[in-house]
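Reading through the structure tokens given below for one structure.
The values are calculated or read from the model by the stated rules, or taken from the named source; none is laboratory data. Everything numeric in this text was worked out from a predicted model, so none of it was measured. Reconstructed Cβ throughout: ideal geometry from the backbone, glycine too, with neighbour counts over all protein chains shown. Heads up: the accessible areas ignore ligands, DNA and RNA and are worked out on the full protein's heavy atoms, side chains in. Shrake-Rupley method; radii C 1.70, N 1.55, O 1.52, S 1.80 Å.
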Amino acid sequence: MPEMPEVQGLVDFLAERATGRTITKVTVANIAALKTYDPPIDGLVGGRISAARRHGKFVDLATDAGIHLIFHLAKAGWLRWYETVPDTVIRPGKTPIALRVRLDDGAGFDLTEAGTKKSLAVYAARAAQDVPGIARLGPDPLSADFTRDALAALLAGRRTQIKGLLRDQAIIAGIGNAYSDEILHAARMSPYALAASLTDADVDGLYTAMRTTLTDAVASASGRPPADLKDAKRRGMSVHGRRGEACPVCGDEVRSVFFADNSLEYCPTCQTGGKLLADRRLSRLLK
């Protein structure tokens with residue numbers, strides 16, 4: 001799933017390449033991906049892209065037509081950029097393409113989604129806050145006002161496992177499964193630790209790990225074309241997606257805990273005092 005650093009990379013790319021260009025055509029290939037009808041998606045045609053922004057994991061392209069093209073790539077979505085958009089006819093139901101946008105210089109992009117479970121979402125909106133997912137977002141962890149004390153206030157009193165809390169977009173925006181693994185590894189913290197149980201020193205370490213991990217990942221994504229962002233993300237991971245490999249910090253074997261539709265990765269030596277986490281959602285540690 002694209003998370004904050006990759007989405008920021010896409011936004012930076014679109015800001016450089018698409019800002020100032022006029023949208024000449026919008027083709028919806030998967031009607032289920034379009035979540036709005038007012039304003040109509042065709043209202044974007046003729047609008048000049050004036051800005052590209054990120055809200056959590058949402059991409060927001062504002063136009064001077066007063067309509068925003070907003071999309072969320074979900075678990076298996078991606079953006080495919082073309083310097084010259086193909087002239088081939090898109091056949092709905094026969095392609096992974098959900099949306100195609102053509103610009104006045106011939107360039108443009110497709111929003112694609114792999115797999116059979118379709119969650120990619122596209123919105124035409126008069127304001128970003130009109131999109132329910134954006135309206136519910138918590139603070140951005142890289143914003144200037146997201147301080148250590150702001151994090152502590154979010155954690156206080158929550159008897160929630162820290163892994164789940166970091167992924168909750170209504171609490172902190174932009175972090176998903178991969179970067180929550182990386183942040184917790186950098187903080188040397190168990191993913192099953194309860195937020196309310198963290199000491200001041202724990203909060204200090206978590207805050208530092210969060211800011212450093214995300215800042216470094218955003219810097220790595222900056223300037224890369226969309227086609228390179230996924231591989232750059234994989235290369236930058238210390239534990240996520242590296243089950244069975246050696247932890248780069250201590251050399252212990254990276255382990256996984258599997259759930260119904262995803263998994264988490266962690267290092268026992270660095271994060272759980274050498275204990276293996278049980279492969280069950282409600283259990284904390286193997287006896």
Next on the checklist: How much accessible area per residue does the chain have, counting only protein heavy atoms and a probe of 1.4 Å, in square angstrom?
Outcome noted: 46
Checklist outcome for this item: Descending packing, highest mean Cβ count within 10 Å first, for 129-135, 211-217 is 211-217, 129-135
Checklist outcome for this item: Expressed in nanometres to one decimal, the distance between label points 7 Å along Cα→Cβ at A278 and D130 is 4.9
Checklist entry - Leaving out same-chain residues fewer than 8 places away, which lysines sit with a Cα under 28 Å from that of K94? => result K25, K35, K57, K75, K117, K118, K230
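How long is the gain from R243 to D228 if the chain were fully straight, where each residue apart is worth 0.36 nm and the alpha carbon distance is subtracted?
This chain segment gains 3.1 nm when fully extended.
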Checklist outcome for this item: For region 148-266, the percent of accessible surface on carbon and sulfur atoms (probe 1.4 angstrom, ligands and nucleic acids excluded) is 47
Checklist entry - Using a 1.4 Å probe on the protein chains only, how many percent of the accessible area of region 4-136 belongs to carbon and sulfur? => result 51
Checklist entry - How about the chain: what cysteines have no other cysteine beta carbon under 4.7 Å from their own? => result C250
Next on the checklist: Quick check on region 200-261: take the gyration tensor over C-alpha atoms, sort the square-rooted eigenvalues as a ≥ b ≥ c, and tell me if it's rounded (a/c under 1.5), prolate or oblate.
Outcome noted: oblate
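For a test of the definition: using alpha carbon positions, the gyration tensor, and the 1.5 limit on a/c, classify region 143-287 as rounded, prolate or oblate.
oblate
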Next on the checklist: Run the numbers for A170 and D64: contour at 0.36 nm per residue of separation, minus the present Cα-Cα distance, in nm.
Outcome noted: 35.2 nm
Checklist entry - If we count every other residue with Cβ under 11 angstrom of G108's Cβ, Lys/Arg +1 and Asp/Glu -1, where does the sum land? => result +2
Checklist entry - Rounded, prolate or oblate: which one fits region 4-136, using the alpha carbon gyration tensor with axes a ≥ b ≥ c (rounded when a/c is under 1.5, else prolate when a/b beats b/c, else oblate)? => result rounded
Next on the checklist: Rounded to the nearest 5, what % of DSSP beta bridges with both residues in region 4-136 are antiparallel?
Outcome noted: 95
Checklist entry - What full-extension length gain, to one decimal in nm, is calculated for Y37 and E83 as 0.36 nm per residue of separation minus the Cα-Cα distance? => result 13.7 nm
Checklist outcome for this item: The answer for the net charge of residues other than E3 whose Cβ lies under 13 angstrom from its Cβ, with Lys and Arg +1 and Asp and Glu -1, is +3
Checklist entry - Please state the equivalent ellipsoid semi-axes for the chain: what are the square roots of 5 times the Cα gyration tensor eigenvalues, largest first, in whole Å? => result 37, 20, 17
